[in-house]
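The values are calculated or read from the model by the stated rules, or taken from the named source; none is laboratory data. Fair warning: this is a prediction, and the values are worked out from it, not measured in the lab. Positions of Cβ are backbone-derived with ideal geometry, glycine not excepted, and every protein chain shown enters the neighbour counts. Accessible surface is based on the protein model in full, side chains and every heavy atom, while ligands, DNA and RNA are left aside. Shrake-Rupley method; radii C 1.70, N 1.55, O 1.52, S 1.80 Å.
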Amino acid sequence: MKMNVPNFLTLLRVFMVPVFVVFMLADILGEADRYVAGALFIAASLTDTLDGYLARKNNQITVFGKFMDPLADKLLVCAAMICLVELGQLPGWIVIIIVSREFIISGFRLIAAERGVVIAASYWGKFKTVSQMVMVILLVFDFGGVFDILEQIFIYLALALTLISLADYIYKNIGILKEVH
């Protein structure tokens with residue numbers, strides 16, 4: 001694999017996940033842990049936008065990037081949501097639905113890849129990812145007050161967009177399953 005900047009940013013995001021988890025769940029710096037975790041999550045989220053932009057701009061789209069970029073996003077967001085369940089800030093049933101969607105879409109992509117078809121991210125999938133990232137940021141910082149309402153709005157918005165994007169992927173790609181035995 002040739003290492004280019006977009007692929008480096010994707011790997012950086014993957015390596016940021018365990019550091020984020022440590023600051024979310026361990027008591028290292030006291031109250032500052034949440035701020036460090038939040039800053040790490042925001043930085044990792046921004047690398048997602050930056051690596052995609054750079055890959056397209058510089059014509060550096062690679063097979064590695066196509067595979068690892070969405071995986072890095074899933075690792076980051078799912079790890080964050082699991083931490084938030086552990087901390088009692090996010091209902092487990094919502095995380096189960098969101099993670100299940102990711103497994104279903106990954107399964108579709110594996111079957112498609114076996115047939116030489118690449119399933120690109122849809123706009124619904126992108127909206128879903130952004131809503132989940134905003135939800136996580138709000139919950140990690142947990143400012144209280146009016147932000148409690150925003151947290152609830154983004155929890156259910158992320159859930160709704162997760163289900164809409166799942167339905168969209170299935171509708172657009174159901175033909176992939178027709179020949180599966």
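For the reader, a short list of remarks on this structure follows.
- Qualifying trypsin sites (Lys or Arg not before Pro) in region 1-79, where qualification requires a DSSP coil assignment and no more than 13 other C-beta atoms within 10 Å, comprise 2.
- For region 95-181, applying the loop criterion from DSSP together with a ceiling of 13 other beta carbons within 10 Å to the trypsin sites (Lys or Arg not before Pro) yields 115, 178.
- Å² of accessible area per residue within region 38-150, as computed with a 1.4 Å probe and no ligands counted: 53
- C-alpha long axis of helix 5-25 to longest principal axis of the chain, angle in °: 40
- Exposure rule at most 15 other beta-carbon atoms within 10 Å, DSSP loop GluC sites (Glu not before Pro): the chain longest free segment: 32-178
- Taking the helices alone, the chain has a mean residue ellipticity at 222 nm of -27500 deg cm²/dmol, built from -39,500 (n - 2.57) per DSSP H run of at least 4 residues and averaged over all its residues.
- A Cβ-based charge dipole, computed about the Cα centre of the chain with Lys and Arg at +1 and Asp and Glu at -1, lands at about 900 debye.
- In region 51-181, taking the dipole from charged Cβ atoms about the Cα centre, the farthest positive-side position among 166, 93, 55 is held by 55.
- Sulfur and carbon atoms: percent of accessible area, region 83-181 [1.4 Å]: 70
- Helix axis angle, 146-173 relative to the chain longest principal axis, alpha carbon, degrees: 10
- Chymotrypsin sites (Phe, Trp or Tyr not before Pro) within region 96-181: DSSP coil, no more than 12 neighbouring Cβ in 10 Å: 143
- Rounded, prolate or oblate (a/c below 1.5 giving rounded, otherwise prolate when a/b exceeds b/c) for the chain by Cα gyration tensor: oblate
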